[in-house]
Amino acid sequence: MSLSCSELTKVYEGGKTGWPALRGISLDIKMGEFVAVTGPSGCGKSTLLNILGLLDEPTGGSYSLNGRDVFTLSDLERSDTRRDEIGFVFQSFHLLNRLSSLDNVALPLLYAGADTAGMRERAHSLLLKVGLHGKEKKTPLELSGGERQRVAIARALANSPKIILADEPTGNLDSASSKEIMQMLASLNEDGITVIMVTHDKELAARAGRNIRMRDGRVEQ
């Protein structure tokens, strides 16, 4: 499998000409890579990640995943691809505070049509995988920032994705928790999962196998 985009552009509406977030991004990422996307705020990092994750569409250019032009797929096919092949980890966790850790992790499995027993068993095993034994019944409000991000990573793994997209996954964490989350992402990559991470932290980026630096909506290096 591979991920490839060519001359991606993204222009947000506003003003007379709009605001160009991406200005012709071309890159190839092989499956199994650990890639850090860096650059100053407003350079288009998160916009690029959202397009790669099928959460947004470009204004122009092309994007193929495993040889398929994903923007020629139907909405249902694109939704299925996003659900089955891509896991997301966000800076602000995006957990549901009214649900337990177990239920937060099980939610993608519910949408995928898993049976209740299998869903809960899978969610429980993933919480064990990320080191949260005994925290299954805790809600996000009862967990530390690092623990919430571990729940988010477990949720991202629910449907056994081939790709993890992480947008500033340590942005709201202290240095110790940041190191733990980075080690976890590195471990997932060693297991064969492609990890694409947006970060401002040069030290964390240095731990990735490859760095892509952006500036003003373009790949600078």
### Query
When the Kirkwood radius is taken over all Cα pairs of the chain, what Stokes-Einstein diffusion coefficient follows at 10 °C and 1.306 mPa s, in µm²/s?
88 µm²/s
## Note on the structure
Total charge of the residues flanking GLY217 in space, meaning their Cβ is under 9 Å from its Cβ, with Lys and Arg +1 and Asp and Glu -1, is +3
### Task
Averaging sequence separations of C-alpha pairs under 8 Å and six or more residues apart, then dividing by the length of the chain, give the relative contact order as a whole percent.
31 percent
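Note down the net charge around MET197, summing +1 for each Lys or Arg and -1 for each Asp or Glu among other residues with Cβ under 9 Å from its Cβ.
-2
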### Query
What's the exposure ranking of THR17, THR81, THR170, going from fewest to most Cβ atoms within 10 Å?
THR17, THR81, THR170
### Query
Which value in deg cm²/dmol, rounded to the nearest 500, describes the helix-derived mean residue ellipticity at 222 nm for the chain, given -39,500 (n - 2.57) per DSSP H run of n ≥ 4 and division by the residue count?
-10500 deg cm²/dmol
### Query
How large, in Å, is region 57-148 by the Kirkwood hydrodynamic radius built from its alpha-carbon pairs?
15.2 Å
### Task
Starting from the Cα of ARG210, step 7 Å along the direction of its Cβ; do the same at LYS179; then give the gap between the two resulting points in nm.
2.9 nm
### Message
Between ASN172 and LEU107, how high is the FRET efficiency from 1/(1 + (r/R0)^6) when r is the Cβ-Cβ distance and R₀ = 25 Å? Nearest 0.05.
### Response
0.75
### Whole-Å distance, taken between Cα centres, linking region 155-221 and region 1-67
16 Å
## Note on the structure
Filtered hits (lysines, Cα-Cα < 22 Å from LYS179, offset >= 8 within chain) -> LYS45, LYS129, LYS135, LYS202
### Message
Give me, ordered by chain and number, the residues 5 or more places off VAL37 or on other chains with an amide H under 5 Å from its own placed amide H.
### Response
MET197, VAL198, THR199, ILE212
### Query
Based on the alpha-carbon gyration tensor of region 3-73 and its eigenvalue square roots a ≥ b ≥ c, which shape applies: rounded if a/c is under 1.5, prolate if not and a/b is larger than b/c, or oblate?
oblate
### Summary
Those GluC sites (Glu not before Pro) from region 145-221 that are DSSP loop and have at most 15 other Cβ neighbours within 10 Å turn out to be GLU220
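Over region 127-199, what is the relative contact order in whole percent, taking alpha-carbon pairs under 8 Å and six or more residues apart?
35 percent
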### Message
If I model a spin label at GLU220 and ASP115 as a point 7 Å from the Cα along the Cα→Cβ vector, what separation in nanometres do I get?
### Response
5.4 nm
### Message
Are there any trypsin sites (Lys or Arg not before Pro) in region 52-145 that are in a DSSP loop and have at most 11 other Cβ atoms within 10 Å? List them by number.
### Response
ARG98, LYS137
#### Entry: Range of Cα positions in region 109-221 per principal axis (Å), largest first
48, 29, 25
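If you rank HIS124, HIS133 by fewest surrounding Cβ atoms within 10 Å, what's the result?
Exposure proxy ranking, most exposed first: HIS133, HIS124.
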### Query
What is the Cα centroid distance between region 121-137 and region 88-102, reported in whole angstrom?
14 Å
### Task
Of the DSSP beta bridges with both residues in the chain, give the percent that are antiparallel, rounding to the nearest 5.
50 percent
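Readers should treat all values here as calculations from the given coordinates under stated rules, not as data from a laboratory. The structure displayed is predicted, hence computed values, not measured ones. Because the Cβ atoms are built from the backbone with ideal geometry, glycine has one as well, and the counts that use them run over all protein chains shown.
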